[in-house]
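Undergrad: Sharing a structure with you now.
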Amino acid sequence: MYYISKPDQYHYSRVIKRLSDFERSRPEEGSEWHIRKRKSIAAFDSLDVYFIKGGKLSRCPQKSSAIVF
């Protein structure tokens, strides 16, 4: 299971089984998404940042986001 959320909405996530399931919803090209595998978010967790490139999710290896409560 994957939890996908927009950068400013960590607690409101979409739950999908496979990353290819998200691509079927046709997200906007170039949009940024945070993806995690755990439901709960703890302080100082880092989330992987993905971008939509060519209609598919592409991970940005140089960028990650840290959650601070």
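The values are calculated or read from the model by the stated rules, or taken from the named source; none is laboratory data. Since the model is a prediction, treat every value here as computed from it, not as a measurement. Because the Cβ atoms are built from the backbone with ideal geometry, glycine has one as well, and the counts that use them run over all protein chains shown.
Undergrad: Within the range 56-64, is there a residue that is part of a loop (DSSP other than H, G, I, E, B) and of a type outside the set (S, T, N, Q)?
TA: Taking the range 56-64 as the starting set, the residues that turn out to be part of a loop (DSSP other than H, G, I, E, B) are none.
No, that holds for no residue.
Undergrad: Ok, one more. For the subset of the range 1-19 comprising residues that are outside any strand (DSSP E or B) and of a type in the set (Phe, Trp, Tyr), which member is modelled with the highest pLDDT?
TA: Our first condition is that a residue be outside any strand (DSSP E or B); within the range 1-19, this holds for 1, 6-13, 17-19.
Add one more test, that the residue is of a type in the set (Phe, Trp, Tyr), and what stays is 10, 12.
On the way: TYR10: 76, TYR12: 85.
Across the range 1-19, the extreme among qualifying residues is TYR12.
Undergrad: Out of ILE35, ILE4, ILE41, which single residue is more than 12 Å from the chain's Cα centre (by Cα) and surrounded by 11 or more Cβ atoms within 10 Å (Cβ to Cβ)? It would help to see each step written out before you state the result.
TA: On the way: ILE35 fails: more than 12 Å from the chain's Cα centre (by Cα); ILE4 fails: more than 12 Å from the chain's Cα centre (by Cα).
Just a single option satisfies the conditions, and that option is ILE41.
Undergrad: I would also like to ask the following. What are the residues in the range 20-44 that are within 16 Å of ASP8 (Cβ to Cβ) and not in a strand (DSSP E or B), if any? It would help to see each step written out before you state the result.
TA: Of the residues in the range 20-44, the ones within 16 Å of ASP8 (Cβ to Cβ) are 27-28, 31-36, 41.
Hits for the range 20-44 are PRO27, GLU28, SER31, ILE41.
Undergrad: Turning to a different aspect of this structure: Working only within the range 44-61, note down all residues that are of a type in the set (A, V, I, L, M), within 10 Å of the chain's Cα centre (by Cα) and closer than 12 Å to SER31 by Cβ.
TA: Step one: list which residues in the range 44-61 are of a type in the set (A, V, I, L, M), which gives 47, 49, 52, 57.
Going one step further and asking which of them are within 10 Å of the chain's Cα centre (by Cα), we end up with 47, 49, 57.
Passing the criteria: VAL49, LEU57.
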